[in-house]
Amino acid sequence: MFICAHERPADATRECCAAKGSLELMKAIKTAAKVEGIANIRVQKSGCLSNCENGVSCVVYPEGVWYTLTGEENIPYLMEHLRTGTVAKHLLMHPEA
Ligand code: FES
């Protein structure tokens with residue numbers, strides 16, 4: 001699982017996931033996965049995933065499922081995905097056309 005932690009200067013024209021708390025959220029997800037004993041998963045911060053306006057950007061492989069994360073309230077759904085493969089449909093990213 002990759003979570004974008006890219007940071008841009010405050011005066012940048014594009015948004016960035018770091019400004020939406022992605023690094024803190026990534027750490028919380030990592031901790032949750034460890035606490036729940038979910039094996040064979042690596043939660044990793046990434047650079048810009050090119051979906052800045054749809055972030056916090058998260059992608060889960062090998063499925064290639066993209067999520068827009070909004071906060072720690074997402075974590076139970078992400079854990080369910082990691083445990084069972086059940087996609088959290090309400091968190092799916094809907095890239096702007
Ligand atoms: S800054 Fe997160 S996808 Fe670009």
Sole miss for residue 93 among (1) open to solvent by 40 Å² or more (accessible area, probe 1.4 Å); (2) in contact with a helix residue (DSSP H, G or I) (Cβ under 7 Å, 6 or more places away or on another chain); (3) within 13 Å of the ligand (Cβ to nearest atom) is condition (1)
So which of 47, 55 ends up being closer than 24 Å to residue 13 by Cβ, touching a residue at least 24 places away in the same chain (Cβ under 8 Å), within 16 Å of the ligand (Cβ to nearest atom) and surrounded by fewer than 12 Cβ atoms within 10 Å (Cβ to Cβ)? 47
Residue 70: within 16 Å of the ligand (Cβ to nearest atom) and part of a loop (DSSP other than H, G, I, E, B), yes or no? yes
Filter the range 1-15 down to the residues that are within 11 Å of the ligand (Cβ to nearest atom) and under 13 Å from the mean Cα position of the chain (by Cα), then identify the one that is surrounded by the fewest Cβ atoms within 10 Å (Cβ to Cβ). 2
Working carefully through the options 73, 63, find the one that is surrounded by fewer than 17 Cβ atoms within 10 Å (Cβ to Cβ) and touching a residue at least 24 places away in the same chain (Cβ under 8 Å). 63
Selected residue (criterion: farthest from residue 87 (Cα to Cα)) from residues of the range 9-30 that are of a type outside the set (Ser, Thr, Tyr) and free of Cβ contacts under 8 Å to residues at least 12 places away in the same chain: 11
Inspect the range 31-44 for any residue being polar (S, T, N, Q), away from the ligand (no atom under 11 Å from the Cβ) and in contact (Cβ under 8 Å) with a residue 12 or more places away in the chain and give the result as yes or no. yes
Selection over the range 20-41 where residues are over 18 Å from residue 73 (Cα atoms) and open to solvent by 80 Å² or more (accessible area, probe 1.4 Å) yields a count of 1
Residues satisfying the stated conditions in the range 2-27, i.e. in a loop (DSSP other than H, G, I, E, B) and farther than 13 Å from residue 71 by Cβ: 5, 6, 7, 8, 9, 10, 11, 12, 13, 14, 15, 16
For the range 30-46, does any single residue satisfy the condition of being in a loop (DSSP other than H, G, I, E, B) and within 17 Å of residue 5 (Cβ to Cβ)? yes
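The values are calculated or read from the model by the stated rules, or taken from the named source; none is laboratory data. For clarity, every value in this text was computed on a predicted model and none was experimentally measured. Here Cβ is always computed from backbone atoms with ideal geometry, including for glycine, and neighbour counts include all displayed protein chains. Heads up: the accessible areas ignore ligands, DNA and RNA and are worked out on the full protein's heavy atoms, side chains in. Shrake-Rupley method; radii C 1.70, N 1.55, O 1.52, S 1.80 Å.
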